[in-house]
There are 2 protein chains.
Amino acid sequence: MANIQQVAQKAGVSVATVSRVMNNSSSVTASTRQKVENAIKELNYEPSVLGRNLRTSESRLILVLIPSISNPFYTEIINGIEDTSIKNGYNILLCETDSSVERENIYLNMIKNKLVDGAISMDPAVNMEKLNQLALDYPIIQCSEYEEGGIIPYVTINNELAAYQAVKHLIKLGHERIALVNSDEKFLYARQRRQGYDRALKEYHLPIREELIYHTDYLEFDYGIQAMRKLLEVQEKPTAVFAVSDTLAIGALKEINQSGLQVPNDIAVVGFDKISFSNMTNPSLTTISQPMYKMGCTAATMLINSVVGKKVENIVLDHELVIRDSTMG
Amino acid sequence: MANIQQVAQKAGVSVATVSRVMNNSSSVTASTRQKVENAIKELNYEPSVLGRNLRTSESRLILVLIPSISNPFYTEIINGIEDTSIKNGYNILLCETDSSVERENIYLNMIKNKLVDGAISMDPAVNMEKLNQLALDYPIIQCSEYEEGGIIPYVTINNELAAYQAVKHLIKLGHERIALVNSDEKFLYARQRRQGYDRALKEYHLPIREELIYHTDYLEFDYGIQAMRKLLEVQEKPTAVFAVSDTLAIGALKEINQSGLQVPNDIAVVGFDKISFSNMTNPSLTTISQPMYKMGCTAATMLINSVVGKKVENIVLDHELVIRDSTMG
DNA sequence: ATTAAATTTGTAATCGATTACAAGTTATGA
DNA sequence: TCATAACTTGTAATCGATTACAAATTTAAT
């Protein structure tokens, strides 16, 4: 690969002029510009991003941290982030942390090293201490999961309200024994969805039965199966299940079918996220639709604003209850 | 962020010595090493990857190109790539091309710009001309999809054999009208799987009926539904369907259920890939299991070998037919 | 004690760009 | 025509590391 001096030499100009042509910054005569452009073409020159970034200390690269690429919830968000970033001349660097502090550190250090201009974190298990510390010096946005009262700007939905509406929908259908398949309540979204569940039950004077509340360690299908298996062992079985993710809900669906019961007649199921697969199950899944693409776009916009020095505000987006066959056959 | 000269000054040594401590290359006395390490700790110094890479022209970053993050097929491969990379001191940069030449170029240019040390491509729609040209100068590996007789090393499975076995399985169960839901045969894997399908039918003296072969433009669920809808309109309906991806097969399953027919009694279904969802459908999906994790590991190993200058050979990994409920109720 | 060999440390060039400032060139107006 | 303003171009410093090579120091051998 040719470098800028070779181009300058071939064009018979200085490196400064070549740089000016590349960035069409200050004025260059048409004739010299032509000479330089010819040299560039002849040598097939492309500027070294490394050299440039070292000098300008910007990379036009955005770090996106996700816990796991296998969770379909993130895919739409990422599409939003990517589209918005590219539109603004940034590229994204997608990094899977597996919720491992070690990996997370490797990636977060990129921001200190000027390898990226900022980061969007979507990992609920992120090391908030480290993130807050970094956020003092560098642009960081939290997407979907966040810290209440923290210093890092975030985009999210109203989890409490969404859960409330999901459960209320079940209650309106006549259900009284409604199970909750939640994840670990160390996560804020889990606590918020739990609050919504509680509020709906209280509002309709239904008791909160601990035996109908199950916590899983992970959001994968298998854990949904596990959860449902336990819930079906309860003396008075639930007639409806609200799971805090579609993956869990689909696992539950599978286990209910397996046990010979019918959805929604014997047990109704509601999920959360509206992942694309939620429409492929049999029956199709009632779920809360998060505006995932828009969330991604918003997060990216916020981050880029933050990178260029603008002040950004927290944003709460609207969600929607999507009623399908798993609650109304 | 402190830089190396500040550390040198604080420790009362030269920058060269600091660099030596950082890379524990040549010998440094215990006492000076101590001084430097103290200074590093005090200033909270972390070396600039940009400066280092510019000098050494290596980044210890690997580019991974996938067409779409929403296809679950890639997730396990990526896990394999990531684990192997990290074990060898490399990090990965995951990039979604959406099979867009423009985006692809942006990312592929990173390799010329020394932002990454090499690339693993998994995009069947990749611009082979550009990729081949790059491969002359830089380490590149193709994973899963590849070019026959090309110059780029690849890791894959025997697609023809896998398809042959899948169809043979259906034939052995007594099926004679077996539909094929294929993707565009401009892709090598599609042509190979088609060959396997043809071979199995021929071997058992069954006719190849064009009306039972459907090509889709994309691999998403919706296209499986579309395909099945068409196939159900055929005069003599198929009694079995072989789809070249699980996502398509799951779409087909959904459409069969929707139309009131039973899987596998009315129509049997076989997929390809063994994505994690394939076990969540009702009934669970018979499918070809690709060793995705291992494929990822292999691709990463090959690339790293290539980066350090070793010669690498093409590798064909073993697959497996996983028989589940969608073919044998 | 003296010299040679081995080890440790420092100086300065280098990677490939950008950019302030200086210098050179052209255009403008009296 | 000449002074001045406006515009082009070039020189050289800079970003933050690594690393030959040189210099200084320590160790070993006589």
Among the candidates B:Ile323, B:Ile315, residue that is over 30 Å from B:Gly174 (Cα atoms), at pLDDT 95 or above and surrounded by fewer than 19 Cβ atoms within 10 Å (Cβ to Cβ):
B:Ile315
Out of the residues in the range B:24-51 that are within 14 Å of chain A (Cβ to nearest Cβ) and either touching a Lys or Arg at 6+ places or on another chain (Cβ under 7 Å) or within 9 Å of DNA strand C (Cβ to nearest atom) (or both), which is nearest to A:Glu58 (Cα to Cα)?
B:Leu50
Answer with yes or no whether B:Ala162 is more than 19 Å from B:Ser68 (Cα to Cα), within 20 Å of the chain's Cα centre (by Cα) and at pLDDT 90 or above.
yes
Filtered residue count, the range A:174-203, keeping only those that are more than 20 Å from A:Lys230 (Cα to Cα) and surrounded by 17 or more Cβ atoms within 10 Å (Cβ to Cβ)
7
Determine, yes or no, whether B:Thr287 is touching an Asp or Glu at 6+ places or on another chain (Cβ under 7 Å), of a type in the set (Ser, Thr, Tyr) and closer than 19 Å to B:Asn159 by Cβ.
yes
Exactly one condition in (1) modelled with pLDDT under 95; (2) over 22 Å from B:Thr247 (Cβ atoms) is false for A:Glu255; which is it?
(1)
Any residue in the range B:238-257 that is more than 20 Å from B:Arg194 (Cβ to Cβ) and more than 9 Å from chain A (Cβ to nearest Cβ) sitting within a Cβ distance under 9 Å of a residue that is surrounded by 24 or more Cβ atoms within 10 Å (Cβ to Cβ) and not hydrophobic (A, V, I, L, M, F, W, C)? List the pairs, counting only those 6 or more apart or interchain.
B:Glu255/B:Gly224
Of the criteria (1) in a helix (DSSP H, G or I); (2) among the β-branched types (Val, Ile, Thr); (3) outside the structural domain of B:Leu219 (by TED's automatic domain parsing); (4) surrounded by fewer than 19 Cβ atoms within 10 Å (Cβ to Cβ), which one B:Ile171 fails:
(3)
Here are some conditions: (1) crowded, with 24+ Cβ neighbours inside 10 Å; (2) away from every other protein chain (no Cβ under 14 Å). B:Gly296 meets all but one. Which one does it not meet?
(2)
Between a first residue in the range A:75-104 that is of a type in the set (S, T, N, Q) and a second residue that is in a strand (DSSP E or B), which pairs have beta carbons less than 6 Å apart while being 6 or more apart in sequence or on different chains?
A:Ser85/A:Ile62; A:Ser85/A:Ile92; A:Asn91/A:Leu61; A:Thr97/A:Leu65
Please find, among A:Leu54, A:Leu65, the residue that is more than 12 Å from DNA strand C (Cβ to nearest atom), of a type outside the set (Lys, Arg) and within 13 Å of chain B (Cβ to nearest Cβ).
A:Leu65
Could you check B:Ser68 against (1) away from DNA strand D (no atom under 12 Å from the Cβ); (2) of a type in the set (Ser, Thr, Tyr); (3) closer than 24 Å to A:Leu108 by Cβ and say which number it fails?
(3)
Selection from the range B:8-23 of residues more than 9 Å from DNA strand C (Cβ to nearest atom), away from chain A (no Cβ under 14 Å) and under 43 Å from the mean Cα position of the chain (by Cα) yields B:Asn23
Inside the range A:210-268, the number of residues satisfying the requirement of being more than 16 Å from A:Thr281 (Cα to Cα), in contact with an Asp or Glu (Cβ under 6 Å, 6 or more places away or on another chain) and buried (at least 23 other Cβ atoms within 10 Å of the Cβ) is 1
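The values are calculated or read from the model by the stated rules, or taken from the named source; none is laboratory data. Keep in mind that what you see is a predicted model, and the values were worked out from it rather than measured. Cβ sites come from the backbone with ideal geometry, for glycine too, and all protein chains shown count toward neighbours.
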